[in-house]
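For reference, the structure discussed in these notes is given below.
Derivation of every value follows stated rules applied to the coordinates shown; laboratory data play no part. Being a predicted model, the structure only gives us computed values, none of them experimental. Cβ atoms come from the backbone with ideal geometry, glycine included; neighbour counts cover every protein chain shown.
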Amino acid sequence: MIVRINSNVYRLVLLLLLTLLLPACSDVDMPQMPSQQWQELDIALQSRPSPLQTGMNEFWIIATNPRGLPGDDMVVSLGKSRNGPWSQAIQDGHSGVYRRAVRISAGQYSVMLQLRRGRDQTVLEFPLLWPK
């Protein structure tokens, strides 16, 4: 016997399955560094791998404006202190995402971001969240 399923019921079942599976794809254990504001941009910092490890870590700097649009008109550099040296991050297209791998030592408690946009410049300090 062949049972025909109404297409609306089929869509509802697929939507329900997707909703149940979506949390399985997220990093629930990944600690989030609080974002900071500069000009009208929200600046967030994420590390890969997560949680943070001693050695090389890739940092993603994500810049968005209040409407959620990317802040893709900046030069972003990472450093271990305000006095440098600075390593320029690579802009990932026009997505507002900048990436850079930096060696992190076990005793390091923060990473510095130098942001330049036009003639404006600032340095933001992000605390590093080590696993317990």
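Expressed in nm to one decimal, what extension gain is obtained for the pair residue 92 and residue 65 from 0.36 nm per residue of sequence separation less their Cα-Cα distance? Mind showing how you got there, number by number?
Numbers: separation 27, 0.36 × 27 = 9.72 nm, distance 1.67 nm.
In short, 8.1 nm is gained.
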Through the Karplus equation 6.51 cos²θ - 1.76 cosθ + 1.60, θ set to phi - 60°, convert the phi angles of the stretch 40-56 into ³J(HN,Hα) values in whole Hz; use x for Gly and Pro. 9, 8, 9, 10, 10, 10, 10, 10, 10, x, 10, x, 4, 10, 5, x, 6
Percent relative contact order of the stretch 31-127, based on C-alpha pairs within less than 8 angstrom and at least six residues apart? 25
Give, in nm to one decimal, the length gained when the segment between residue 130 and residue 7 is fully stretched (0.36 nm per residue of separation minus the Cα-Cα distance). 39.4 nm
Taking only the C-alpha atoms, wrap a convex hull around the stretch 31-127 and report its volume per residue in Å³ as a whole number. 93
Using a simple spin-label model with points 7 Å from Cα along the Cα→Cβ vector, what separation in nm is obtained for residue 105 and residue 36? 2.1
